[in-house]
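Following: one structure in structure tokens, then a few remarks.
The values are calculated or read from the model by the stated rules, or taken from the named source; none is laboratory data. Since we're looking at a predicted model, the values are computed, not measured. No Cβ is skipped: glycine too gets one built from the backbone with ideal geometry, and neighbour counts run over all protein chains shown.
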Amino acid sequence: MKKWLLLLMTVGLATALAACGTSSNNSNASGDDKTLVMATSADYPPFESKDGDKIVGFDVDLAKALAKKNGYKLEIQDMDFASLVSALKTNKADIVLAGMTPTEKRKKQVDFSDIYYNATNMLVTKKDSGIQSEKDLQNKTVGAQLGSIQLDDANAMKDKYHLKVEDRNKISDLVQEIKAGRFDAAIIEDKVAAGYLKKEKDFQAFQLNSSNEGSAIAFKKNSDLTAKFNQSLKEMKKNGELDQLIEKWFVKEDK
Ligand code: ARG
């Protein structure tokens, strides 16, 4: 008798759960078809960083504007950069804005918008490191963020210069390691490097000869959002809204 009851309850529960899954006929990570979850790695000022409990930055403002134009509210999830692509694939997020560069490898797993901001890669060192150009990297320890294209760059130079390549989850960790003398250098994007250079007076940086297409929004494969957001992005490029955000986060910050 008891067994029967248990079975009945289990079947009931399973049916209820299944109904739950299908009744909300949207695939948004939030479970609410009006709210999008944006995943980011908030270690990347001025793109995204923490201000107390809040996550702020260029990417946040851009995502909010794009979401609003398309009738969505935005929820932000902070995680390690290396987890962002899989967050989309496992429906933990609907969009990723994290200064992320579209690469062939990533394009196999997620879709990208058009580029919204260009970037170059810098080699950041201490002023007294004796490193003035790429050639001076012989036998040096070079760091980059885990999962980033900068880490790919470091690995690509590894054999040529007999580098020791190290990865860390956060950009701030790379900076700490340089300060502590454990890394001779780190590869960091220009705008982000510029922010640290202003704070760390004994740091210097020079541009690396490596390719970096800039930042784009990442979406789940075949998401309807990609076309919509691209359209809105085009409008924002045309009507000056994007320039205003660039002025707010990249130009004013430089002064
Ligand atoms: N643009 C580089 C890449 O896509 C680095 C981005 C790092 N972003 C961050 N929020 N930490 O690999």
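Considering the stretch 197-241, the residues that are modelled with pLDDT of 95 or more, within 16 Å of the ligand (Cβ to nearest atom) and under 20 Å from residue 98 (Cα atoms) include one that is surrounded by the fewest Cβ atoms within 10 Å (Cβ to Cβ), namely 214.
When the stretch 137-192 is filtered for residues that are within 12 Å of the ligand (Cβ to nearest atom), more than 14 Å from residue 121 (Cα to Cα) and among the hydroxyl-bearing types (Ser, Thr, Tyr), only 172 remains. Of the residues making up the stretch 112-128, those that are surrounded by fewer than 20 Cβ atoms within 10 Å (Cβ to Cβ) and either in a strand (DSSP E or B) or among the small types (Gly, Ala, Ser) (or both) are 114, 115, 117, 119, 126. When the residues of the stretch 26-37 are filtered to those that are of a type in the set (Gly, Ala, Ser) and surrounded by 14 or more Cβ atoms within 10 Å (Cβ to Cβ), the one that is nearest to the ligand (Cβ to nearest atom) is 29.
Note on the stretch 38-68: residues that are within 16 Å of the ligand (Cβ to nearest atom), buried (at least 16 other Cβ atoms within 10 Å of the Cβ) and over 18 Å from residue 251 (Cβ atoms) amount to 8. Evaluating residue 154 against the criteria (1) surrounded by 18 or more Cβ atoms within 10 Å (Cβ to Cβ); (2) over 25 Å from residue 218 (Cβ atoms); (3) in contact with a Gly (Cβ under 8 Å, 6 or more places away or on another chain) leaves one unmet condition, (2). Here is a check on your reading of the model: is residue 129 modelled with pLDDT under 95, of a type in the set (Gly, Ala, Ser) and closer than 23 Å to residue 199 by Cα? Answer is no for this residue.
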